[in-house]
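Encoded as structure tokens, the structure appears first; notes follow it.
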């Protein structure tokens, strides 16, 4: 991830939670009057056919007249229309009637019965250029004056299978843009008449009463429409589609998914299905926001946690830290054997089904950082069976009363053996000013250990500027640019390079300002240096580790990093917006980084409560 995107991600999170102003209380027990329906195989096939055409036409047909078309409402309207079809012929005609105003050249035929136009590449033409940006897919119609081999052929009909019986054909490059027709004006008017009510009460009444049932997502057509939008974002734009073998699982899983979504009975059940679907992506950035957004109003589900932190070692779950109110009944080092009468193995296995992770080790870190004891109800009771340090079996109950997962604050800087300094580059409370104030003290050492286990903070760039002798730069990051659907003929452009200049370079202040990090103090941090990493080292941290490895700044000790780097892409949906990796990060030797990560120079895994990685780094510097 690029440094300029760190602040963007923080701002995005602040903005999201600012807009999410209305909490859902007791989410698992509300919204009991949802519409639900069991779909027949025929209905599933027809809905999936609609989904496929929607994705192809929305993102790949050049039509400037669609800016006022609300695609979500269009899909709700389209689902209600195809539900009325009595036969395959009815269905075909309805699809044609729905999409002809949007794409006048569209053809929908039985498999194998679609003829192709001859291409003409001698004239200028128009295409849709899709780029993965932090704000989602940005689609622009471009006027191309000269044909190149990577562009679609103008006015040629491209064929795509939409279900087991039909194919759709239309040009994805046109010599002239379509005019706005009466049929399109009528279609936009019909979809705009669909009213979507967020709350059963007024917004003011909802704020006063502290929550209200959601209205429009009780409609299974609205839920299906929302998931059709999600399906197509991944189908056409997820950069690791083939690496994660989604070409073998995504479409099949999604057809099963329609029935689950149509049968949802509350928001929590809906959210679980979304999480389970996104777990097919081997992407630790992939995560749905438990929200429903309409305009500036949004509703979200609060999560609550008990005062306990755990760590998994081998097949045993240990208590790592515990809040003061629980220390009389549970202590660090106790082994948890079951949670709410379910074995730890079963709990963890079930949790893994509902999160996306690039490596299993990263998924486990994600679970134990926040997901293991997560509850959507405040003051719910979690019962633990555990074995204490006297080997006594006991049962204890904890209450979910915290708004955030329980963690002890990490140490930013520490002195070991009166000769080695430890600096945690992932400490959220750390400050570069502290380094500047103590730099003389730090330099009276036998070496520095830099901890990169977690998500690195921006001040890490200033510190790196104090340990390098030559300018270093961002690695191999590529932005997808898409002209064809279904990941055909994928195109990438290299990301803008950013650099870190040494503290004593004439470019130091210029680069610090340009790439948004604090100018480093004009003194070198004395080495040698050792770097720690594990499966929680993710995204921007992996960018730094890639620099450490490429420029040989010091040995890396620990476990493979997360294997999840590249700019985060946020896709806003009416229900459960989601994030995923949008850009592609590749190792400098052009080998795969995704789901592999940075490989340490010395592999060391930690034990239950002993930091063997840190101990190994200390011994390395003392030898």
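The values are calculated or read from the model by the stated rules, or taken from the named source; none is laboratory data. Everything numeric in this text was worked out from a predicted model, so none of it was measured. All Cβ positions, even for glycine, are placed from backbone atoms using ideal geometry, and neighbour counts span all protein chains on display.
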Reported set for segment 31-78 where residues are in contact with a strand residue (DSSP E or B) (Cβ under 7 Å, 6 or more places away or on another chain) and at pLDDT below 90 is 31
Restricting attention to segment 79-103, and to residues there that are in contact (Cβ under 8 Å) with a residue 24 or more places away in the chain and touching a strand residue (DSSP E or B) at 6+ places or on another chain (Cβ under 9 Å), which single residue is nearest to residue 484 (Cα to Cα)? 103
Segment 77-97, residues that are crowded, with 21+ Cβ neighbours inside 10 Å and farther than 17 Å from residue 183 by Cβ: 79, 91
Between 444, 417, which is assigned by TED's automatic domain parsing to the domain that holds residue 531, more than 20 Å from residue 521 (Cα to Cα) and at pLDDT below 95? 417
Just for segment 580-592: of the residues that are in a loop (DSSP other than H, G, I, E, B) and touching a residue at least 60 places away in the same chain (Cβ under 8 Å), which one is surrounded by the fewest Cβ atoms within 10 Å (Cβ to Cβ)? 590
For residues that are part of a strand (DSSP E or B) and at pLDDT 60 or above, tally how many sit in segment 294-320. 14
Suppose we filter 609, 614 for residues that are in the same structural domain as residue 554 (by TED's automatic domain parsing) and in a loop (DSSP other than H, G, I, E, B); which single one remains? 609
Only unsatisfied item for residue 311, checking (1) without any contact (Cβ under 8 Å) to a residue 40 or more places away in the chain; (2) touching a strand residue (DSSP E or B) at 6+ places or on another chain (Cβ under 6 Å), is (1)
Considering only residues that are touching a strand residue (DSSP E or B) at 6+ places or on another chain (Cβ under 8 Å) and in a loop (DSSP other than H, G, I, E, B), which ones fall in segment 561-572? 561, 564, 565, 566, 567, 572
Within segment 107-123, is even one residue at pLDDT below 95 and in contact with a helix residue (DSSP H, G or I) (Cβ under 8 Å, 6 or more places away or on another chain)? yes
Do any residues in segment 152-178 that are outside the structural domain of residue 139 (by TED's automatic domain parsing) and touching a residue at least 60 places away in the same chain (Cβ under 8 Å) have Cβ atoms under 6 Å from those of residues that are surrounded by fewer than 18 Cβ atoms within 10 Å (Cβ to Cβ) and outside any loop (DSSP other than H, G, I, E, B), where the two are at least six apart or on different chains, and which pairs are they? none
Out of curiosity, is residue 460 more than 28 Å from residue 603 (Cα to Cα), under 33 Å from the mean Cα position of the chain (by Cα) and part of a helix (DSSP H, G or I)? no
